[in-house]
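A.B. asks: My questions all concern the structure below.
The values are calculated or read from the model by the stated rules, or taken from the named source; none is laboratory data. Just so it is clear, the structure is predicted and the values come from calculations on it, not from any experiment. Virtual Cβ from ideal backbone geometry, glycine too; neighbours counted across all protein chains shown.
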Amino acid sequence: MTVFVDTSAFLAILDGQDKNAAAAQILWTRLVEGDEVVVTSSYALVESFALIQNRMGLSAVRDFQDKIVPMLDIEWVGLSLHQAALSAMLTANRRQLSLVDCVSFETCRRNGIDTVFAFDQHFIEQGFTCLRP
């Protein structure tokens, strides 16, 4: 199975104070010990690096880069994906729906991924299945 991992999951994995930390640890362990292909987008990585640095500091960024990023298949966002996601965001006309969210949805759709590791309800609204412990 292929699973897309969202920024919300990365933050919960790294931040023990996150309300989803316990669930995130269980799910991450299950993913890395299983046969799943774990995918994210380059935009989700940029968002994750920025939020991790802001909330937890550079040592957490190093942990993320050294321990988590090497396990990921990264879908690099090109012009076509960026434009499709931007169009979707503008069409949705919802302030709380970000470009990174729309890139994530489009990445999943283009790669036939229907299961995500996320604590962001937008994925459920878009018809994806979110992993739960």
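A.B. asks: Name every residue in the stretch 44-97 that is free of Cβ contacts under 8 Å to residues at least 12 places away in the same chain, closer than 21 Å to A12 by Cα and of a type in the set (G, A, S), in order of residue number.
C.D. replies: Residues satisfying the conditions are A50, G57, S59.
A.B. asks: For the stretch 1-26, enumerate the residues that are closer than 20 Å to D114 by Cα and either in contact with a Phe, Trp or Tyr (Cβ under 6 Å, 6 or more places away or on another chain) or without any contact (Cβ under 8 Å) to a residue 24 or more places away in the chain (or both).
C.D. replies: V3, V5, S8, A9
Let's see how each residue does on (1) of a type outside the set (A, V, I, L, M); (2) closer than 17 Å to V5 by Cβ:
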position	(1), (2)
L27	no, yes
I52	no, yes
S87	yes, no
C130	yes, yes
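A.B. asks: Only one residue in F123, F117 is in contact with a helix residue (DSSP H, G or I) (Cβ under 6 Å, 6 or more places away or on another chain) and within 15 Å of D6 (Cα to Cα). Which one?
C.D. replies: Checking each option against the conditions leaves just F117.
A.B. asks: Within the stretch 59-99, which residues are more than 30 Å from E33 (Cα to Cα), assigned to a helix (DSSP H, G or I) and aliphatic (A, V, I, L, M)?
C.D. replies: The answer is L79, L81, A84, A85, L86, A88, M89, L90, A92, L99.
A.B. asks: Please enumerate the residues belonging to the stretch 101-133 that are out of contact with any strand residue (DSSP E or B) (no Cβ under 8 Å at 6 or more places or on another chain) and either farther than 23 Å from V38 by Cβ or aliphatic (A, V, I, L, M) (or both).
C.D. replies: none
A.B. asks: For residues that are of a type in the set (S, T, N, Q) and modelled with pLDDT of 95 or more, scanning just the stretch 99-124, find the one that is surrounded by the most Cβ atoms within 10 Å (Cβ to Cβ).
C.D. replies: This residue is S104.
A.B. asks: Here's something else I'd like to know. Name the pairs whose Cβ atoms lie under 6 Å apart, with the first residue in the stretch 108-122 and more than 14 Å from V77 (Cβ to Cβ), the second of a type in the set (S, T, N, Q) and part of a helix (DSSP H, G or I), and 6 or more positions between them or separate chains?
C.D. replies: A118/S8; F119/S8; D120/S8
A.B. asks: Could you look through the stretch 7-39, keep only residues that are surrounded by 12 or more Cβ atoms within 10 Å (Cβ to Cβ) and assigned to a loop (DSSP other than H, G, I, E, B), and pick out the one that is modelled with the lowest pLDDT?
C.D. replies: Applying the filter and picking the extreme gives E36.
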